[in-house]
Each structure stands twice: as C-alpha cells, then as structure tokens.
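A.B. asks: Here it is, the structure in full.
The values are calculated or read from the model by the stated rules, or taken from the named source; none is laboratory data. Just so it is clear, the structure is predicted and the values come from calculations on it, not from any experiment. Don't worry about glycine lacking a Cβ; one is built from the backbone with ideal geometry, like all the others, and counts go over all protein chains shown.
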Ligand code: SF4
C-alpha cells in the first residue's frame with residue numbers, strides 16, 4: 001500500500017481519478033484520447049469518441065511508461081572528460097545556454113556561421129515547432145531554421161532520408177503538387193493498392209480502419225510488398241510479393257499493359273499529359289513476362305492488377321517509404337503515380353485528391369535562409385531535394401565534418417533524433433560526430449549520439465506542452481496534461497530561447513500561448529475560442545471538387561492544367577530534365593543486387609531489406625519501455641522457410657546477418673510471409689537503452705552510404721545483398 005494514500009485517521013484515502021480530453025503525446029500524430037489521470041499522473045489512455053483521429057495505438061497505450069520512464073533526460077548536462085566516456089554533470093539551464101552560445105559564437109568566428117548545422121529527427125515532429133521554425137520555401141518541413149538569422153543555411157534532418165522522395169519530389173515532378181495538398185480518397189475507392197506502406201504499423205494506424213471499411217463495402221485491397229505485411233495479414237488482403245527494389249519495373253510493366261491494351265484514359269492522355277509517346281516506347285520492352293523475370297511477380301498477376309486499376313471506379317494508392325529506398329526511388333514512385341493518373345484516378349472520386357489552393361489553413365511562420373551565406377551542404381549534389389526543402393542534405397555532412405568539403409562543419413545541434421542508428425555506415429557518422437568541436441543533443445531519452453555530445457538538453461514529451469494540432473479542416477489545442485518532469489522543456493521553447501540568447505528572440509514567440517496565437521493568425525479563430533473548445537474548432541473548407549485540372553482550379557493563372565513547366569502531367573519531367581536527370585520514370589536495377597552484381601551475389605545470395613515498421617517500437621525509440629520491448633525483446637531477421645532450411649536455421653535461432661560491410665546478430669523469424677530470397681531486418685537497434693540484443697543490433701552497420709538514389713540522395717535500405725549464417 002502506498003503510504004501517501006493513508007490518512008491520519010488510518011482510513012485509506014481514495015486515489016483521485018479524473019479524465020481529461022486531450023491528445024496523445026507519445027508521437028506527433030495527435031490522436032484524440034481521453035486521458036485518465038490518477039493523482040495528477042497519467043494512468044492510461046483510451047480513444048476519444050467522435051474525434052477525427054480517435055485512436056490509441058499499441059505505443060500510445062504505453063504512454064505512462066514512456067512519460068515516467070526512469071531513463072528520461074530531466075536536466076541539462078555537460079560532458080565531463082573525454083567523448084563517449086559517458087560522464088556528464090548536471091548544470092543549470094543558464095549555464096547550458098552560456099556554454100552553447102559561447103561555443104556557437106567561437107565556431108562562427110573561426111570558420112564562419114555556415115560551419116554550424118541543426119539536425120532534427122522524427123522525435124521533433126511537433127506541428128507547432130515545425131511550422132514555426134520552418135525554413136521559407138517548402139510546403140512542409142521538420143527542419144529548424146533557428147540558425148538562419150545567425151548566418152547558417154545548414155538546417156537538415158530526417159527529410160534527407162525519409163518522405164521527401166515520395167511526398168515532395170515525385171508528385172511535384174509529375175503534376176506540380178506535394179503531399180501537403182494531396183490525399184487518397186480511400187473512403188470512396190473500390191480498389192486500393194497498398195504499395196511500400198504498412199498502415200497496420202503506421203503512426204497513426206487510421207488507414208487500416210479505412211481499409212477495413214472499404215472491404216466491408218466490397219472493395220478490394222492489394223498489398224504489393226516483399227512481405228505479407230501486418231496490413232496484408234490483418235486484412236487477409238491479396239498479397240503481391242515482389243523482389244525488393246524492383247517496384248519501378250512492376251509499375252512500368254503495368255503501364256505497358258494499360259498502353260498495349262488501350263486501357264488508358266484517352267482524354268487525359270491527349271489533353272493533359274506530356275511525354276506519353278516516349279513512355280509508350282520505353283514501356284514497350286516491359287512485357288509482363290520480362291517484368292516477372294525482374295520482379296518475381298507472375299506475368300498474369302501483372303496483367304490482372306493493371307486491368308483492375310484501369311477498371312476501378314476509384315483507385316487509391318497508399319504508398320510511403322518502401323519505394324523511396326531503392327536505386328529507382330523517385331522514378332519508381334513517379335511510375336506508380338503515372339499509373340494511377342493514366343488510369344483516370346487523379347483528382348477523381350476514390351483516387352488521389354488534390355486540395356483546393358484557396359482553402360483556409362493555419363499560419364506557418366517561415367524564416368528565410370541567410371543572404372550571402374555559402375550554399376547549404378549538398379545543395380549542388382542534390383538540387384531537386386534542395387529546391388523542395390531549402391535545407392542541407394544530411395548525407396553529405398560527414399564529408400563536410402571529416403574532410404572539410406565543400407567547407408567545414410564544426411558544430412551540430414541534433415534534436416529528436418538518433419543519427420547513428422538511422423544512417424548507413426554508422427561508423428563513419430560516429431567518427432564525424434566525435435570530430436566535431438560542438439555536439440549538442442536535445443532529446444527526451446539518451447540516444448546513441450548522446451555518448452559523443454558535449455551538452456545534453458532535456459526535452460518534454462508532448463503531454464507536457466501546450467501547442468496545437470491540425471487535422472483536415474479541424475484545429476485543436478494541444479493541452480498540457482502534466483507539468484514538465486524535472487527541468488525538461490518544450491523543444492519549441494528550447495529553440496525560442498536559443499534565438500533570444502543569440503540576440504534575435506523577437507523573431508519567434510517566447511511563450512507557448514504566443515506560438516498558438518501565431519498559428520491562428522488569419523484564421524479568424526482566437527486563442528480563447530480554441531482554448532474553450534475541447535473538441536477543437538472547424539477550419540471551414542470549400543466543398544471538394546474533382547478534376548480541377550480541367551477547369552483551371554489548380555493553376556494561379558486560372559488556365560486548365562497543372563503547375564508544371566508544360567502545364568501538363570509530366571510523364572517526361574522537364575524539371576528533372578533541366579537538372580540533367582532522365583525525364584521519364586525509368587527503372588534502375590538495384591546496384592547491389594543479383595542481376596547488377598552477380599559476382600557479389602555468389603557470396604551474398606540473399607537480398608537485405610530493412611526498415612519495415614513494427615508495432616512495438618518507433619525506429620530507435622521504445623526499446624527501454626518494458627511492456628513494449630516485451631512484445632519483441634530481440635530484433636528479428638525475417639527469412640523464408642526455404643532459405644532458412646537451406647542454411648539449417650530454425651525459427652527463433654540466433655543468426656548473423658552478413659554484408660560486405662559487416663556482421664550483426666539478429667534472431668531468425670522463419671516464415672512464409674516473405675518472398676523467397678529476401679531478408680527483412682528490423683532497424684532501430686544500436687542505441688544505449690533496452691535489451692542487450694537491441695543495443696547490439698544496429699542494422700546500419702550493414703548498409704552502404706555510397707549506395708543511394710541519385711535523384712534524392714536517399715540511402716538504399718531496401719535492396720542490398722547479404723547472407724544469413726547460424727550464430728556460433
Ligand atoms: S499514433 Fe499512437 S503513439 Fe502516436 S499519437 Fe496516436 S496513439 Fe499516440
């Protein structure tokens with residue numbers, strides 16, 4: 001019995017329990033929840049009925065364990081002794097800022113302000129933070145512009161290896177729009193291709209619910225994936241197993257069928273596309289039989305799925321990172337977008353919807369890069385990425401740090417991220433972080449990067465802050481549910497105060513309320529109104545309209561067409577051509593694959609793919625949360641029963657995954673739910689917390705920083721060669 005609950009009279013005082021409406025603060029999805037508080041502490045969450053995102057996922061149910069974890073960083077700490085010795089001493093926030101500002105100014109004086117970089121990760125996906133510290137230019141960004149006024153253009157982060165290919169570069173190249181203005185009309189589709197995405201493990205898993213409803217209406221779901229994913233299994237959906245990294249060939253093969261069989265939307269092709277004839281010539285070679293030889297997908301399946309896409313009254317395409325991490329990357333996604341469009345499903349009921357340009361949105365407070373500064377790192381090497389993001393490309397930071405090319409980077413603030421577990425060739429990044437004159441880590445938990453830090457700054461969970469969340473046509477105040485633990489601070493306030501300490505704090509509100517008020521500017525909604533509305537406030541939206549490219553509803557000049565250089569859907573992208581890239585959505589065979597590298601494939605005959613999400617963690621997060629890690633105490637390598645049998649490997653055995661870069665231990669999951677010849681290895685291991693098995697298994701010791709999609713700079717995580725050996 002807790003002594004605090006015993007009153008002086010000897011009777012047991014009941015725990016005070018109350019329920020508040022709020023938002024889950026474990027990740028940035030902002031699921032609407034009812035939060036049960038016991039004596040002011042979070043006890044559990046449950047879905048909030050009627051909320052636009054009233055869900056609690058597996059990770060969300062563990063919110064109390066996350067918030068009250070004994071591993072939380074709760075005080076600013078300065079390194080004592082050498083790097084990676086793991087010794088830090090607690091300091092005050094004043095001392096922390098004094099140290100930080102002095103180091104930033106010294107590095108800027110010695111090397112120029114461009115020698116400083118900010119890297120933000122998935123842990124910093126908080127809408128208020130992202131939309132208020134956003135660089136000017138991109139339609140959306142999680143990069144942090146706090147050092148722009150200081151003179152550094154080098155803000156960067158997880159966008160350098162996630163989302164931007166799929167959500168920004170590919171759709172902009174095809175039809176001049178980006179993800180922020182797009183949605184899939186699953187609720188009115190009769191066919192959905194789930195392609196390189198896994199809604200069952202997504203944050204939030206709301207599309208899984210929509211897919212179940214679609215099936216209940218008689219709709220069809222086809223999952224295209226090397227794995228019979230959690231989504232495919234949960235829905236008992238049709239599974240098209242594909243060799244990792246060959247999705248582009250499949251998309252072009254299906255385009256071949258559409259073109260050869262006259263199943264394209266002829267009017268769309270003739271009036272609104274650019275490059276159709278070149279595509280037809282290119283796709284002519286991609287017969288279903290040839291595509292079968294490349295992808296492993298039976299020729300008859302290629303034909304049947306293509307015909308189904310063409311025949312559907314509405315076909316949505318749920319994609320995500322799965323197609324980004326191959327040598328075909330951007331072009332594979334473009335091929336899939338082209339398939340959907342030529343079959344008549346662009347801005348059409350049940351297909352991909354384009355938002356009206358003039359709809360009411362929250363205000364984004366953007367900051368321009370510094371005038372006259374040296375170009376952001378990577379802007380010359382990856383110009384498409386730089387044009388859509390206006391940020392540095394993190395893939396080239398190690399070169400800048402270790403080799404001073406194109407100029408030195410000497411100081412970094414890394415926030416809400418774990419670089420060493422996220423990027424290929426962890427050892428090169430480790431050397432880079434250790435070579436810095438300043439490394440600051442802002443986070444809720446210690447990360448692999450933190451061991452090399454000079455300064456650790458403790459951030460709050462999103463249960464401890466006030467901010468806002470926007471859904472489609474709906475805005476809600478994110479209310480503080482519990483006070484910040486220890487001396488942890490809202491990430492937003494950490495950066496706002498840094499700006500103030502650097503002498504330009506007037507550029508950003510210095511309070512959470514000020515942040516919310518700034519977002520509401522121009523909406524007609526006041527802070528008081530929002531605060532008084534526990535269920536949020538509607539942002540009035542125009543009624544949806546379709547095929548706006550026919551009526552001039554997409555272009556600023558009011559003419560029919562798209563916001564592309566030719567005003568058409570650019571199957572042949574003039575933007576790409578202008579930068580020297582192949583304009584058609586061509587297929588590139590995996591550079592390290594059995595076809596392109598047969599010699600290597602004799603030693604490493606299996607295809608390694610990594611990064612599929614699990615329900616029990618989010619990348620490197622949550623391996624220290626007892627009830628989550630209990631769901632999966634070890635990182636798994638999924639391999640086919642036939643491949644396992646050929647190697648004498650049984651389900652649950654310890655195995656070594658081996659690539660030309662190294663050897664890492666996993667536990668075998670032997671299954672028929674993966675295509676033969678492929679191995680899916682969990683990523684996210686290698687951090688300082690969690691079980692020994694997770695701490696030891698960083699899959700990115702096996703990946704290759706030199707193997708990437710040339711258009712985006714995204715690493716190839718999905719198509720490398722490996723061997724699996726029984727552990728000895
Ligand atoms: S997806 Fe899960 S963890 Fe994220 S906000 Fe929703 S319930 Fe919380």
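A.B. asks: Filter region 202-216 down to residues that are more than 10 Å from the ligand (Cβ to nearest atom) and touching a helix residue (DSSP H, G or I) at 6+ places or on another chain (Cβ under 9 Å), then give me how many there are.
C.D. replies: 9
Matching residues to (1) in contact with a helix residue (DSSP H, G or I) (Cβ under 7 Å, 6 or more places away or on another chain); (2) surrounded by 20 or more Cβ atoms within 10 Å (Cβ to Cβ):
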{"site": "567", "(1), (2)": "no, no"}
{"site": "580", "(1), (2)": "no, no"}
{"site": "584", "(1), (2)": "yes, yes"}
{"site": "649", "(1), (2)": "no, yes"}
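A.B. asks: Follow-up. I'd like the full set of residues that are closer than 16 Å to residue 341 by Cβ, outside any helix (DSSP H, G or I) and in contact with a helix residue (DSSP H, G or I) (Cβ under 9 Å, 6 or more places away or on another chain), limited to region 283-313.
C.D. replies: Correct list: 313 only.
A.B. asks: State all residues of region 660-691 that are at positive phi and under 22 Å from the mean Cα position of the chain (by Cα); if no residue qualifies, say none.
C.D. replies: Of everything in region 660-691, those that are at positive phi and under 22 Å from the mean Cα position of the chain (by Cα) turn out to be 684, 686.
A.B. asks: Also, I was wondering about something else. Can you name every residue in region 66-85 that is within 30 Å of residue 613 (Cβ to Cβ) and in contact with a helix residue (DSSP H, G or I) (Cβ under 6 Å, 6 or more places away or on another chain)?
C.D. replies: Matches in region 66-85: 67, 84.
A.B. asks: What about residue 281, is it more than 30 Å from residue 606 (Cα to Cα) and touching a strand residue (DSSP E or B) at 6+ places or on another chain (Cβ under 9 Å)?
C.D. replies: In short, no.
A.B. asks: Out of region 150-178, which residues are closer than 16 Å to residue 411 by Cα and part of a loop (DSSP other than H, G, I, E, B)?
C.D. replies: Within region 150-178, 150, 151, 152, 153, 154 meet the criteria.
A.B. asks: Does residue 144 satisfy the criteria of being within 16 Å of the ligand (Cβ to nearest atom) and closer than 22 Å to residue 509 by Cα?
C.D. replies: For residue 144, the condition - within 16 Å of the ligand (Cβ to nearest atom) and closer than 22 Å to residue 509 by Cα - is not met.
A.B. asks: So, of the residues in region 21-68 that are in a strand (DSSP E or B), away from the ligand (no atom under 11 Å from the Cβ) and without any contact (Cβ under 8 Å) to a residue 24 or more places away in the chain, which turns out to be farthest from the chain's Cα centre (by Cα)?
C.D. replies: It comes out as 38.
A.B. asks: Enumerate the pairs (first residue in region 189-206 and in the same structural domain as residue 680 (by TED's automatic domain parsing); second residue anywhere and modelled with pLDDT of 95 or more and within 15 Å of the ligand (Cβ to nearest atom)) with beta-carbon separation below 8 Å, excluding pairs fewer than 6 apart on the same chain, so at least 6 apart or on different chains.
C.D. replies: Sorted first by the residue in region 189-206, then by its partner, the list stays empty.
A.B. asks: Do we have any residue at all in region 69-83 that's more than 23 Å from residue 432 (Cα to Cα), within 16 Å of the ligand (Cβ to nearest atom) and either modelled with pLDDT of 95 or more or not in a loop (DSSP other than H, G, I, E, B) (or both)?
C.D. replies: yes
A.B. asks: What's the total number of residues in region 185-215 that are in a loop (DSSP other than H, G, I, E, B) and under 21 Å from residue 345 (Cα atoms)?
C.D. replies: Here the count works out to 5.
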